[in-house]
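So the structure is just underneath, and the comments pick up after that.
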2 protein chains.
Amino acid sequence: MDPKQDNDGFQPLDREGLVQRVARLLSKAIVTGQLSQGERLSESVVARQLGVSRAPVREAARLLENSGLVTYLPNRGFFVRSITARELADLYEFRLVIETAAVRRLIRDGMGESGPRLVQQIEEMRRVAGPGFDMLTQVEADMEFHRLICAGSGNPKFLATFDQIAMESELTIMMIGRLYDDAQKLADTHQPILDAMLRHDEPEAVEALRYHIEVARDLVVEQFRNMEEKPD
Amino acid sequence: MDPKQDNDGFQPLDREGLVQRVARLLSKAIVTGQLSQGERLSESVVARQLGVSRAPVREAARLLENSGLVTYLPNRGFFVRSITARELADLYEFRLVIETAAVRRLIRDGMGESGPRLVQQIEEMRRVAGPGFDMLTQVEADMEFHRLICAGSGNPKFLATFDQIAMESELTIMMIGRLYDDAQKLADTHQPILDAMLRHDEPEAVEALRYHIEVARDLVVEQFRNMEEKPD
DNA sequence: GGTTTGCCGATTGTCGACAATTTCCTTGAC
DNA sequence: GTCAAGGAAATTGTCGACAATCGGCAAACC
(Lines give C-alpha, C1' and ligand atoms only; values in the text may rest on other atoms or scores of the structure.)
Protein backbone atom coordinates (compact mmCIF):
# COMPACT_ATOMS: atom_id res chain seq x y z
CA MET A 1 0.00 0.00 0.00
CA ASP A 2 2.98 2.28 0.11
CA PRO A 3 4.71 2.11 -3.23
CA LYS A 4 6.02 5.62 -3.15
CA GLN A 5 8.05 6.43 -0.05
CA ASP A 6 10.95 8.77 -0.69
CA ASN A 7 13.00 7.47 -3.56
CA ASP A 8 15.69 10.13 -3.45
CA GLY A 9 16.48 9.35 -7.08
CA PHE A 10 13.76 9.57 -9.65
CA GLN A 11 11.82 6.39 -10.18
CA PRO A 12 9.87 5.99 -13.47
CA LEU A 13 6.94 7.39 -11.55
CA ASP A 14 4.21 4.85 -11.21
CA ARG A 15 1.61 6.94 -13.00
CA GLU A 16 0.58 3.71 -14.60
CA GLY A 17 -2.08 2.64 -12.20
CA LEU A 18 -2.32 -0.52 -10.21
CA VAL A 19 -4.77 -2.07 -12.63
CA GLN A 20 -2.39 -1.87 -15.58
CA ARG A 21 0.44 -3.30 -13.56
CA VAL A 22 -1.66 -6.23 -12.46
CA ALA A 23 -2.94 -6.74 -15.99
CA ARG A 24 0.56 -6.78 -17.39
CA LEU A 25 1.73 -9.20 -14.74
CA LEU A 26 -1.12 -11.56 -15.40
CA SER A 27 -0.85 -11.41 -19.16
CA LYS A 28 2.84 -12.12 -18.98
CA ALA A 29 2.18 -15.04 -16.68
CA ILE A 30 -0.34 -16.42 -19.12
CA VAL A 31 1.68 -15.84 -22.26
CA THR A 32 4.81 -17.38 -20.78
CA GLY A 33 2.85 -20.38 -19.63
CA GLN A 34 3.19 -19.87 -15.90
CA LEU A 35 -0.56 -20.21 -15.80
CA SER A 36 -1.81 -23.16 -17.77
CA GLN A 37 -4.84 -23.42 -19.97
CA GLY A 38 -8.23 -23.61 -18.36
CA GLU A 39 -6.75 -22.85 -14.98
CA ARG A 40 -8.91 -20.90 -12.64
CA LEU A 41 -7.86 -17.35 -11.93
CA SER A 42 -9.20 -16.71 -8.47
CA GLU A 43 -9.57 -13.05 -7.63
CA SER A 44 -8.93 -13.66 -3.96
CA VAL A 45 -5.84 -15.77 -4.49
CA VAL A 46 -4.25 -13.38 -6.98
CA ALA A 47 -5.10 -10.43 -4.77
CA ARG A 48 -3.50 -12.08 -1.75
CA GLN A 49 -0.40 -13.04 -3.70
CA LEU A 50 0.11 -9.55 -5.08
CA GLY A 51 -0.78 -7.87 -1.84
CA VAL A 52 -3.60 -5.81 -3.27
CA SER A 53 -7.34 -5.91 -2.89
CA ARG A 54 -9.68 -7.75 -5.22
CA ALA A 55 -10.97 -4.64 -6.99
CA PRO A 56 -7.92 -3.91 -9.16
CA VAL A 57 -7.44 -7.62 -9.83
CA ARG A 58 -11.00 -7.88 -11.02
CA GLU A 59 -10.61 -4.90 -13.32
CA ALA A 60 -7.35 -6.21 -14.68
CA ALA A 61 -9.00 -9.54 -15.40
CA ARG A 62 -11.78 -7.76 -17.26
CA LEU A 63 -9.10 -6.09 -19.36
CA LEU A 64 -7.54 -9.43 -20.18
CA GLU A 65 -10.95 -10.73 -21.11
CA ASN A 66 -11.09 -8.17 -23.89
CA SER A 67 -7.74 -9.36 -25.11
CA GLY A 68 -9.12 -12.86 -25.18
CA LEU A 69 -6.59 -14.14 -22.67
CA VAL A 70 -9.14 -15.12 -20.07
CA THR A 71 -12.77 -16.12 -20.11
CA TYR A 72 -15.30 -14.92 -17.63
CA LEU A 73 -18.20 -17.03 -16.43
CA PRO A 74 -20.84 -15.29 -14.31
CA ASN A 75 -20.70 -16.30 -10.69
CA ARG A 76 -17.81 -18.61 -11.51
CA GLY A 77 -14.99 -16.23 -12.16
CA PHE A 78 -12.10 -15.96 -14.59
CA PHE A 79 -10.32 -18.81 -16.30
CA VAL A 80 -7.23 -18.84 -18.46
CA ARG A 81 -8.66 -19.22 -21.88
CA SER A 82 -8.15 -22.50 -23.65
CA ILE A 83 -8.10 -22.03 -27.38
CA THR A 84 -9.13 -24.63 -29.90
CA ALA A 85 -7.53 -25.29 -33.27
CA ARG A 86 -10.64 -23.95 -34.91
CA GLU A 87 -10.52 -20.66 -33.01
CA LEU A 88 -6.87 -20.38 -33.89
CA ALA A 89 -7.62 -20.72 -37.59
CA ASP A 90 -10.42 -18.16 -37.26
CA LEU A 91 -8.00 -15.81 -35.60
CA TYR A 92 -5.57 -15.98 -38.49
CA GLU A 93 -8.37 -15.49 -40.98
CA PHE A 94 -9.40 -12.40 -39.11
CA ARG A 95 -5.88 -11.07 -39.03
CA LEU A 96 -5.61 -11.65 -42.75
CA VAL A 97 -8.73 -9.59 -43.36
CA ILE A 98 -7.61 -6.68 -41.22
CA GLU A 99 -4.01 -6.60 -42.34
CA THR A 100 -5.00 -6.87 -45.98
CA ALA A 101 -7.22 -3.84 -45.60
CA ALA A 102 -4.44 -2.02 -43.77
CA VAL A 103 -1.88 -2.81 -46.47
CA ARG A 104 -4.27 -1.59 -49.17
CA ARG A 105 -4.80 1.72 -47.43
CA LEU A 106 -1.15 2.06 -46.67
CA ILE A 107 -0.23 1.69 -50.33
CA ARG A 108 -3.02 3.90 -51.64
CA ASP A 109 -2.56 6.77 -49.20
CA GLY A 110 1.20 6.65 -49.32
CA MET A 111 3.41 4.89 -46.85
CA GLY A 112 4.81 7.98 -45.18
CA GLU A 113 6.79 7.14 -42.09
CA SER A 114 5.71 3.52 -42.19
CA GLY A 115 8.16 2.54 -44.91
CA PRO A 116 11.33 3.22 -42.93
CA ARG A 117 9.73 1.91 -39.75
CA LEU A 118 8.92 -1.40 -41.40
CA VAL A 119 12.42 -1.71 -42.86
CA GLN A 120 13.77 -1.05 -39.42
CA GLN A 121 11.49 -3.63 -37.85
CA ILE A 122 12.65 -6.38 -40.18
CA GLU A 123 16.21 -5.52 -39.21
CA GLU A 124 15.15 -5.79 -35.60
CA MET A 125 13.68 -9.20 -36.27
CA ARG A 126 16.92 -10.36 -37.84
CA ARG A 127 18.88 -8.97 -34.90
CA VAL A 128 16.91 -10.86 -32.27
CA ALA A 129 16.86 -13.99 -34.43
CA GLY A 130 20.40 -14.75 -33.33
CA PRO A 131 21.34 -16.77 -30.29
CA GLY A 132 20.90 -15.24 -26.88
CA PHE A 133 17.37 -14.04 -27.48
CA ASP A 134 14.41 -15.93 -26.12
CA MET A 135 11.41 -16.82 -28.16
CA LEU A 136 9.11 -14.31 -26.52
CA THR A 137 11.34 -11.53 -27.83
CA GLN A 138 11.31 -13.01 -31.30
CA VAL A 139 7.55 -13.45 -31.32
CA GLU A 140 7.07 -9.90 -30.13
CA ALA A 141 9.32 -8.58 -32.89
CA ASP A 142 7.26 -10.52 -35.40
CA MET A 143 4.03 -9.14 -34.00
CA GLU A 144 5.38 -5.64 -34.02
CA PHE A 145 5.88 -5.80 -37.78
CA HIS A 146 2.26 -6.67 -38.32
CA ARG A 147 1.24 -4.14 -35.75
CA LEU A 148 3.12 -1.41 -37.59
CA ILE A 149 1.17 -2.23 -40.73
CA CYS A 150 -2.08 -1.73 -38.89
CA ALA A 151 -0.76 1.37 -37.14
CA GLY A 152 0.24 3.00 -40.40
CA SER A 153 -3.07 2.34 -42.10
CA GLY A 154 -4.46 5.66 -40.96
CA ASN A 155 -7.55 4.03 -39.55
CA PRO A 156 -7.15 3.67 -35.79
CA LYS A 157 -9.82 1.02 -35.73
CA PHE A 158 -7.53 -1.37 -37.54
CA LEU A 159 -4.84 -0.96 -34.94
CA ALA A 160 -7.22 -1.14 -32.00
CA THR A 161 -8.71 -4.37 -33.26
CA PHE A 162 -5.34 -5.83 -34.06
CA ASP A 163 -4.13 -5.09 -30.56
CA GLN A 164 -7.18 -6.74 -29.12
CA ILE A 165 -6.51 -9.99 -30.88
CA ALA A 166 -2.73 -9.98 -31.15
CA MET A 167 -2.18 -11.40 -27.71
CA GLU A 168 -4.19 -14.46 -28.57
CA SER A 169 -1.89 -15.35 -31.45
CA GLU A 170 1.10 -14.63 -29.27
CA LEU A 171 -0.25 -16.80 -26.50
CA THR A 172 -0.75 -19.75 -28.78
CA ILE A 173 2.63 -19.45 -30.41
CA MET A 174 4.30 -19.33 -27.03
CA MET A 175 2.27 -22.33 -25.98
CA ILE A 176 3.41 -24.31 -28.96
CA GLY A 177 6.95 -23.63 -27.93
CA ARG A 178 8.52 -22.78 -31.21
CA LEU A 179 7.66 -20.59 -34.11
CA TYR A 180 9.59 -21.83 -37.03
CA ASP A 181 12.61 -24.02 -36.93
CA ASP A 182 14.58 -20.92 -37.58
CA ALA A 183 13.82 -17.40 -36.46
CA GLN A 184 16.04 -16.09 -39.23
CA LYS A 185 13.78 -17.68 -41.81
CA LEU A 186 10.83 -16.09 -40.09
CA ALA A 187 12.31 -12.64 -40.46
CA ASP A 188 13.02 -13.22 -44.15
CA THR A 189 9.43 -14.21 -44.78
CA HIS A 190 8.32 -10.64 -44.19
CA GLN A 191 10.61 -9.20 -46.81
CA PRO A 192 8.44 -9.91 -49.88
CA ILE A 193 5.49 -8.13 -48.29
CA LEU A 194 7.51 -5.04 -47.56
CA ASP A 195 9.20 -5.10 -50.97
CA ALA A 196 5.89 -5.13 -52.77
CA MET A 197 4.58 -2.36 -50.54
CA LEU A 198 7.60 -0.19 -51.25
CA ARG A 199 7.02 -0.75 -54.99
CA HIS A 200 3.40 0.31 -54.47
CA ASP A 201 2.43 -3.00 -56.01
CA GLU A 202 -0.90 -3.55 -54.29
CA PRO A 203 -1.91 -6.90 -55.77
CA GLU A 204 1.49 -8.38 -55.09
CA ALA A 205 1.64 -7.00 -51.57
CA VAL A 206 -1.78 -8.39 -50.75
CA GLU A 207 -0.83 -11.72 -52.25
CA ALA A 208 2.44 -11.84 -50.33
CA LEU A 209 0.63 -11.03 -47.13
CA ARG A 210 -1.98 -13.69 -47.78
CA TYR A 211 0.72 -16.24 -48.44
CA HIS A 212 2.67 -15.22 -45.37
CA ILE A 213 -0.24 -15.37 -42.99
CA GLU A 214 -1.62 -18.58 -44.41
CA VAL A 215 1.74 -20.29 -44.15
CA ALA A 216 2.03 -19.10 -40.56
CA ARG A 217 -1.50 -20.23 -39.88
CA ASP A 218 -0.92 -23.69 -41.29
CA LEU A 219 2.29 -24.15 -39.35
CA VAL A 220 0.85 -22.97 -36.08
CA VAL A 221 -2.44 -24.78 -36.42
CA GLU A 222 -0.77 -28.01 -37.41
CA GLN A 223 1.69 -27.92 -34.55
CA PHE A 224 -1.15 -27.02 -32.26
CA ARG A 225 -3.10 -30.05 -33.41
CA ASN A 226 -0.12 -32.31 -32.85
CA MET A 227 0.26 -30.93 -29.37
CA GLU A 228 -3.40 -31.46 -28.63
CA GLU A 229 -3.16 -35.12 -29.50
CA LYS A 230 -0.20 -35.91 -27.32
CA PRO A 231 0.09 -33.30 -24.57
CA ASP A 232 3.64 -32.98 -23.27
CA MET B 1 -22.31 -27.78 -23.02
CA ASP B 2 -25.72 -28.52 -24.44
CA PRO B 3 -28.23 -26.06 -23.13
CA LYS B 4 -31.00 -27.20 -25.39
CA GLN B 5 -32.16 -30.62 -24.20
CA ASP B 6 -35.14 -31.09 -21.88
CA ASN B 7 -36.67 -27.73 -22.51
CA ASP B 8 -40.25 -28.52 -21.69
CA GLY B 9 -41.12 -24.86 -21.52
CA PHE B 10 -38.64 -23.30 -19.15
CA GLN B 11 -36.28 -20.68 -20.40
CA PRO B 12 -33.04 -20.23 -18.46
CA LEU B 13 -34.54 -17.35 -16.47
CA ASP B 14 -32.88 -13.98 -16.80
CA ARG B 15 -29.84 -14.59 -14.70
CA GLU B 16 -28.87 -11.13 -15.78
CA GLY B 17 -26.66 -9.56 -13.22
CA LEU B 18 -26.81 -6.04 -11.94
CA VAL B 19 -23.91 -5.02 -14.12
CA GLN B 20 -25.68 -5.95 -17.34
CA ARG B 21 -28.81 -4.14 -16.29
CA VAL B 22 -26.88 -0.99 -15.52
CA ALA B 23 -24.93 -1.28 -18.76
CA ARG B 24 -28.11 -1.61 -20.77
CA LEU B 25 -29.68 1.34 -19.02
CA LEU B 26 -26.67 3.53 -19.64
CA SER B 27 -26.22 2.52 -23.25
CA LYS B 28 -29.87 3.22 -23.93
CA ALA B 29 -29.56 6.59 -22.26
CA ILE B 30 -26.57 7.42 -24.42
CA VAL B 31 -27.98 6.13 -27.69
CA THR B 32 -31.29 7.92 -27.20
CA GLY B 33 -29.49 11.12 -26.42
CA GLN B 34 -30.55 11.48 -22.79
CA LEU B 35 -26.88 11.87 -22.09
CA SER B 36 -25.20 14.28 -24.42
CA GLN B 37 -21.79 14.09 -26.00
CA GLY B 38 -18.76 14.69 -23.86
CA GLU B 39 -20.88 14.70 -20.75
CA ARG B 40 -19.28 13.36 -17.64
CA LEU B 41 -20.55 10.04 -16.38
CA SER B 42 -19.93 10.21 -12.68
CA GLU B 43 -19.82 6.85 -10.96
CA SER B 44 -21.12 8.29 -7.73
CA VAL B 45 -24.01 10.15 -9.31
CA VAL B 46 -25.16 7.23 -11.43
CA ALA B 47 -24.82 4.89 -8.47
CA ARG B 48 -26.89 7.18 -6.28
CA GLN B 49 -29.54 7.62 -8.92
CA LEU B 50 -29.89 3.91 -9.55
CA GLY B 51 -29.69 3.02 -5.91
CA VAL B 52 -26.70 0.72 -6.28
CA SER B 53 -23.11 0.97 -5.21
CA ARG B 54 -20.32 2.25 -7.42
CA ALA B 55 -18.81 -1.14 -8.15
CA PRO B 56 -21.43 -2.41 -10.63
CA VAL B 57 -21.66 1.03 -12.22
CA ARG B 58 -17.93 1.06 -12.72
CA GLU B 59 -17.95 -2.36 -14.32
CA ALA B 60 -20.86 -1.44 -16.54
CA ALA B 61 -19.01 1.66 -17.67
CA ARG B 62 -15.97 -0.45 -18.52
CA LEU B 63 -18.25 -2.60 -20.65
CA LEU B 64 -19.53 0.45 -22.48
CA GLU B 65 -15.97 1.55 -23.02
CA ASN B 66 -15.37 -1.56 -25.08
CA SER B 67 -18.41 -0.72 -27.14
CA GLY B 68 -16.93 2.68 -27.73
CA LEU B 69 -19.83 4.48 -26.12
CA VAL B 70 -17.79 6.04 -23.36
CA THR B 71 -14.18 7.03 -22.94
CA TYR B 72 -12.22 6.46 -19.81
CA LEU B 73 -9.54 8.80 -18.59
CA PRO B 74 -7.41 7.67 -15.65
CA ASN B 75 -8.21 9.54 -12.47
CA ARG B 76 -10.77 11.52 -14.41
CA GLY B 77 -13.55 9.06 -14.96
CA PHE B 78 -15.91 8.16 -17.75
CA PHE B 79 -17.25 10.50 -20.39
CA VAL B 80 -19.86 10.01 -23.05
CA ARG B 81 -17.79 9.65 -26.14
CA SER B 82 -17.89 12.41 -28.67
CA ILE B 83 -17.23 11.17 -32.14
CA THR B 84 -15.69 13.15 -34.96
CA ALA B 85 -16.60 13.01 -38.62
CA ARG B 86 -13.28 11.39 -39.31
CA GLU B 87 -13.83 8.63 -36.78
CA LEU B 88 -17.26 8.10 -38.22
CA ALA B 89 -15.83 7.58 -41.69
CA ASP B 90 -13.20 5.23 -40.28
CA LEU B 91 -15.93 3.28 -38.60
CA TYR B 92 -17.78 2.73 -41.84
CA GLU B 93 -14.60 1.72 -43.60
CA PHE B 94 -13.97 -0.82 -40.91
CA ARG B 95 -17.48 -2.17 -41.17
CA LEU B 96 -17.05 -2.48 -44.90
CA VAL B 97 -13.92 -4.56 -44.45
CA ILE B 98 -15.47 -6.92 -41.94
CA GLU B 99 -18.81 -7.32 -43.63
CA THR B 100 -17.17 -7.90 -46.99
CA ALA B 101 -15.12 -10.70 -45.52
CA ALA B 102 -18.22 -12.11 -43.86
CA VAL B 103 -20.23 -12.01 -47.09
CA ARG B 104 -17.42 -13.78 -48.92
CA ARG B 105 -17.26 -16.58 -46.41
CA LEU B 106 -21.02 -16.82 -46.28
CA ILE B 107 -21.23 -17.35 -50.01
CA ARG B 108 -18.30 -19.73 -50.23
CA ASP B 109 -19.25 -21.96 -47.32
CA GLY B 110 -22.92 -21.96 -48.15
CA MET B 111 -25.52 -19.73 -46.62
CA GLY B 112 -27.29 -22.36 -44.55
CA GLU B 113 -29.79 -20.86 -42.17
CA SER B 114 -28.62 -17.35 -42.90
CA GLY B 115 -30.51 -17.11 -46.20
CA PRO B 116 -34.00 -17.35 -44.72
CA ARG B 117 -33.00 -15.30 -41.71
CA LEU B 118 -31.81 -12.45 -43.91
CA VAL B 119 -34.97 -12.57 -46.02
CA GLN B 120 -36.96 -12.44 -42.83
CA GLN B 121 -34.95 -9.50 -41.53
CA ILE B 122 -35.61 -7.42 -44.61
CA GLU B 123 -39.31 -8.10 -44.14
CA GLU B 124 -38.92 -6.96 -40.56
CA MET B 125 -37.27 -3.78 -41.72
CA ARG B 126 -40.14 -3.10 -44.09
CA ARG B 127 -42.63 -3.79 -41.33
CA VAL B 128 -41.14 -1.28 -38.90
CA ALA B 129 -40.62 1.24 -41.69
CA GLY B 130 -44.29 2.17 -41.48
CA PRO B 131 -45.73 4.84 -39.23
CA GLY B 132 -45.95 4.18 -35.54
CA PHE B 133 -42.42 2.94 -35.15
CA ASP B 134 -39.72 5.16 -33.76
CA MET B 135 -36.37 5.58 -35.36
CA LEU B 136 -34.48 3.57 -32.78
CA THR B 137 -36.49 0.52 -33.79
CA GLN B 138 -35.77 1.15 -37.44
CA VAL B 139 -32.08 1.63 -36.86
CA GLU B 140 -31.91 -1.53 -34.81
CA ALA B 141 -33.64 -3.50 -37.55
CA ASP B 142 -31.09 -2.16 -40.00
CA MET B 143 -28.21 -3.09 -37.76
CA GLU B 144 -29.61 -6.54 -37.20
CA PHE B 145 -29.40 -7.25 -40.92
CA HIS B 146 -25.72 -6.48 -40.97
CA ARG B 147 -25.25 -8.32 -37.73
CA LEU B 148 -26.81 -11.43 -39.21
CA ILE B 149 -24.30 -11.33 -42.04
CA CYS B 150 -21.44 -11.33 -39.56
CA ALA B 151 -23.14 -13.95 -37.41
CA GLY B 152 -23.56 -16.32 -40.33
CA SER B 153 -19.98 -16.00 -41.49
CA GLY B 154 -18.91 -18.95 -39.39
CA ASN B 155 -16.07 -16.95 -37.86
CA PRO B 156 -17.18 -15.75 -34.43
CA LYS B 157 -14.49 -13.08 -34.49
CA PHE B 158 -16.36 -11.22 -37.19
CA LEU B 159 -19.50 -11.08 -35.12
CA ALA B 160 -17.69 -10.19 -31.93
CA THR B 161 -15.93 -7.30 -33.59
CA PHE B 162 -19.06 -6.13 -35.31
CA ASP B 163 -20.92 -6.08 -32.02
CA GLN B 164 -18.14 -4.08 -30.49
CA ILE B 165 -18.42 -1.33 -33.02
CA ALA B 166 -22.09 -1.50 -33.99
CA MET B 167 -23.24 0.67 -31.14
CA GLU B 168 -21.02 3.49 -32.29
CA SER B 169 -22.71 3.65 -35.66
CA GLU B 170 -26.08 3.39 -33.99
CA LEU B 171 -25.24 6.16 -31.59
CA THR B 172 -24.24 8.52 -34.35
CA ILE B 173 -27.25 7.78 -36.47
CA MET B 174 -29.53 8.43 -33.55
CA MET B 175 -27.67 11.63 -32.87
CA ILE B 176 -28.17 12.84 -36.37
CA GLY B 177 -31.83 12.35 -35.90
CA ARG B 178 -32.81 10.73 -39.11
CA LEU B 179 -31.49 7.93 -41.19
CA TYR B 180 -32.81 8.42 -44.65
CA ASP B 181 -35.74 10.52 -45.64
CA ASP B 182 -37.64 7.30 -45.91
CA ALA B 183 -37.17 4.17 -43.86
CA GLN B 184 -38.86 2.19 -46.60
CA LYS B 185 -36.16 3.15 -49.02
CA LEU B 186 -33.58 2.09 -46.46
CA ALA B 187 -35.06 -1.38 -46.27
CA ASP B 188 -35.06 -1.71 -50.05
CA THR B 189 -31.39 -0.80 -50.23
CA HIS B 190 -30.50 -4.11 -48.63
CA GLN B 191 -32.29 -6.18 -51.21
CA PRO B 192 -29.59 -6.15 -53.91
CA ILE B 193 -27.03 -7.45 -51.43
CA LEU B 194 -29.21 -10.32 -50.37
CA ASP B 195 -30.24 -11.10 -53.95
CA ALA B 196 -26.64 -11.43 -55.07
CA MET B 197 -25.83 -13.56 -52.05
CA LEU B 198 -28.70 -15.90 -52.78
CA ARG B 199 -27.45 -16.23 -56.35
CA HIS B 200 -24.00 -17.06 -54.97
CA ASP B 201 -22.69 -14.18 -57.01
CA GLU B 202 -19.74 -13.16 -54.92
CA PRO B 203 -18.39 -10.22 -56.92
CA GLU B 204 -21.83 -8.71 -57.25
CA ALA B 205 -22.66 -9.23 -53.58
CA VAL B 206 -19.41 -7.60 -52.50
CA GLU B 207 -20.00 -4.73 -54.89
CA ALA B 208 -23.57 -4.25 -53.67
CA LEU B 209 -22.39 -4.24 -50.09
CA ARG B 210 -19.66 -1.76 -50.86
CA TYR B 211 -22.11 0.52 -52.59
CA HIS B 212 -24.64 0.21 -49.78
CA ILE B 213 -22.21 0.97 -47.00
CA GLU B 214 -20.49 3.79 -48.85
CA VAL B 215 -23.81 5.44 -49.60
CA ALA B 216 -24.79 5.11 -45.96
CA ARG B 217 -21.42 6.45 -44.92
CA ASP B 218 -21.64 9.46 -47.19
CA LEU B 219 -25.14 10.30 -46.03
CA VAL B 220 -24.37 9.93 -42.36
CA VAL B 221 -21.03 11.67 -42.48
CA GLU B 222 -22.40 14.56 -44.48
CA GLN B 223 -25.37 15.10 -42.21
CA PHE B 224 -23.02 14.80 -39.28
CA ARG B 225 -20.80 17.51 -40.72
CA ASN B 226 -23.77 19.77 -41.28
CA MET B 227 -24.82 19.25 -37.71
CA GLU B 228 -21.37 20.02 -36.44
CA GLU B 229 -21.32 23.34 -38.20
CA LYS B 230 -24.64 24.60 -36.93
CA PRO B 231 -25.61 22.71 -33.78
CA ASP B 232 -29.37 22.57 -33.21
C1' DG C 1 -27.31 -49.38 -6.07
C1' DG C 2 -28.50 -45.21 -7.96
C1' DT C 3 -30.71 -40.89 -7.55
C1' DT C 4 -32.14 -36.91 -5.08
C1' DT C 5 -31.75 -33.51 -1.35
C1' DG C 6 -29.78 -30.61 1.83
C1' DC C 7 -25.68 -28.85 3.82
C1' DC C 8 -20.77 -26.82 3.62
C1' DG C 9 -16.76 -24.59 2.14
C1' DA C 10 -15.19 -21.58 -1.29
C1' DT C 11 -15.72 -17.93 -4.63
C1' DT C 12 -17.95 -14.18 -6.68
C1' DG C 13 -21.30 -9.99 -6.25
C1' DT C 14 -22.13 -5.89 -3.96
C1' DC C 15 -21.47 -2.62 -0.61
C1' DG C 16 -19.92 1.46 2.27
C1' DA C 17 -15.68 3.67 3.90
C1' DC C 18 -11.33 5.69 3.48
C1' DA C 19 -7.13 7.33 0.78
C1' DA C 20 -5.36 9.60 -3.31
C1' DT C 21 -6.12 12.62 -6.92
C1' DT C 22 -8.21 16.10 -9.58
C1' DT C 23 -11.03 20.21 -10.05
C1' DC C 24 -12.68 24.42 -8.88
C1' DC C 25 -13.08 28.36 -6.10
C1' DT C 26 -11.07 31.52 -3.07
C1' DT C 27 -7.53 34.50 -1.87
C1' DG C 28 -3.86 37.40 -2.15
C1' DA C 29 0.08 39.62 -4.48
C1' DC C 30 1.46 42.44 -8.26
C1' DG D 1 -7.75 43.49 -13.42
C1' DT D 2 -4.78 39.44 -14.03
C1' DC D 3 -2.65 35.68 -12.53
C1' DA D 4 -0.65 32.38 -9.37
C1' DA D 5 -0.76 29.83 -5.07
C1' DG D 6 -3.50 27.39 -1.89
C1' DG D 7 -7.10 25.01 -0.04
C1' DA D 8 -11.89 23.10 -0.02
C1' DA D 9 -15.03 20.09 -2.43
C1' DA D 10 -15.89 16.55 -5.40
C1' DT D 11 -14.46 12.45 -7.74
C1' DT D 12 -11.89 8.40 -8.56
C1' DG D 13 -8.75 4.53 -6.59
C1' DT D 14 -8.46 1.00 -3.37
C1' DC D 15 -9.80 -1.55 0.42
C1' DG D 16 -11.95 -4.95 3.70
C1' DA D 17 -16.49 -6.88 4.96
C1' DC D 18 -20.73 -9.03 4.21
C1' DA D 19 -24.36 -11.23 1.22
C1' DA D 20 -25.46 -14.18 -2.73
C1' DT D 21 -24.25 -17.99 -5.34
C1' DC D 22 -21.81 -22.07 -6.93
C1' DG D 23 -19.80 -26.94 -6.86
C1' DG D 24 -19.13 -30.88 -4.32
C1' DC D 25 -20.02 -34.21 -0.72
C1' DA D 26 -22.57 -36.93 2.25
C1' DA D 27 -26.91 -38.38 4.13
C1' DA D 28 -31.51 -39.74 3.02
C1' DC D 29 -34.73 -41.77 0.07
C1' DC D 30 -36.64 -44.88 -3.39
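The values are calculated or read from the model by the stated rules, or taken from the named source; none is laboratory data. Please read these numbers as outputs of a predicted model, since none were measured by experiment. A quick note on method: Cβ atoms are made from the backbone with ideal geometry, for glycine too, and the neighbour counts reach across all protein chains shown. All accessible areas refer to the heavy atoms of the entire protein, side chains included, with ligands and DNA or RNA removed. Shrake-Rupley method; radii C 1.70, N 1.55, O 1.52, S 1.80 Å.
For segment B:85-229, what is the convex hull (Cα atoms) projected area averaged across all directions, in square nanometres?
For segment B:85-229, the mean projected area of the Cα convex hull comes to 7.8 nm².
Determine, from the Cβ-Cβ distance of A:Glu204 and B:Glu214 and an R0 of 35 Å, the FRET efficiency 1/(1 + (r/R0)^6), rounded to the nearest 0.05.
0.85
Taking loop as defined by DSSP and a crowding limit of 15 other beta carbons within 10 Å, which trypsin sites (Lys or Arg not before Pro) in segment B:22-108 fit?
B:Arg76
Extending each Cα 7 Å along its Cβ direction at A:Ala55 and A:Thr71, get the distance between those two points in nm, one decimal.
Here the answer is 3.0 nm between the modelled labels.
From Cα pairs below 8 angstrom and at least 6 apart in sequence, can you work out the relative contact order of chain A, rounded to a whole percent?
Here the relative contact order equals 22 percent.
When the helices in chain A are scored as -39500 (n - 2.57) per DSSP H run of 4 or longer and the sum is shared across all residues, what 222 nm value do you end up with, to the nearest 500 deg cm²/dmol?
-22500 deg cm²/dmol
Taking Rh as the Kirkwood radius, which is the inverse of the mean 1/r over Cα pairs, what is the Rg/Rh value for the protein assembly as shown?
Rg/Rh: 0.97.
Any idea what the relative contact order of segment B:18-80 is, in percent, if you count C-alpha pairs under 8 Å spaced at least 6 apart?
42 percent
If you average 1/r across every pair of different Cα atoms in segment B:18-80 and take the reciprocal, what Kirkwood value do you get, in Å?
Its Kirkwood hydrodynamic radius stands at 11.3 Å.
Ignore the peptide's own chain and count Cβ atoms of other chains within 10 Å of each Cβ in A:151-164; give me the average, rounded.
What the average comes to for A:151-164 is 4.
Could I have the simple spin-label model distance between B:Arg21 and A:Phe133, label points 7 Å from Cα toward Cβ, reported in nm to one decimal?
Going from the B:Arg21 label point to the A:Phe133 one covers 5.4 nm.
Accessible area per residue of the protein assembly as shown at 1.4 Å probe, in Å²?
I get 53 Å² per residue for the protein assembly as shown.
For the pairs A:Lys28/A:Lys157; A:Lys157/A:Lys185; B:Lys28/B:Lys185, flag any whose C-alpha to C-alpha distance is greater than 28 Å.
Distance filter (> 28 Å) returns A:Lys157/A:Lys185.
Please name whichever of B:Val45, A:Gly115, A:Val206 sits farthest to the positive end of the charge dipole of the protein assembly as shown, dipole taken about the Cα centre and charges placed at Cβ: Lys and Arg +1, Asp and Glu -1.
B:Val45
Would you mind calculating the gained length between A:Arg104 and A:Gln191 on full extension (0.36 nm times residue separation, minus the Cα-Cα distance), in nm to one decimal?
29.6 nm
Indicate the gyration tensor shape class of segment B:136-206 (rounded, prolate or oblate), computed on the Cα atoms with a ≥ b ≥ c the square roots of the eigenvalues: a/c under 1.5 is rounded; otherwise a/b larger than b/c is prolate and the rest oblate.
Oblate, because a/c is 1.5 or more while a/b does not exceed b/c.
Leaving out ligands, DNA and RNA, and with a 1.4 Å probe, what % of the accessible surface on segment B:18-80 is carbon or sulfur?
The computed percentage sits at 51.
Modelled label-to-label distance, B:Ser36 and A:Ala160, 7 Å Cα→beta-carbon offset: nm?
Inter-label distance under the simple model: 2.4 nm.
Given a 1.4 Å probe, show me the residues in segment B:92-139 buried by at least 40 Å² of accessible surface when comparing the whole protein assembly to the chain alone.
Residues of segment B:92-139 that lose at least 40 Å² of accessible area once the other chains are added: B:Glu93, B:Phe94, B:Val97, B:Arg105.
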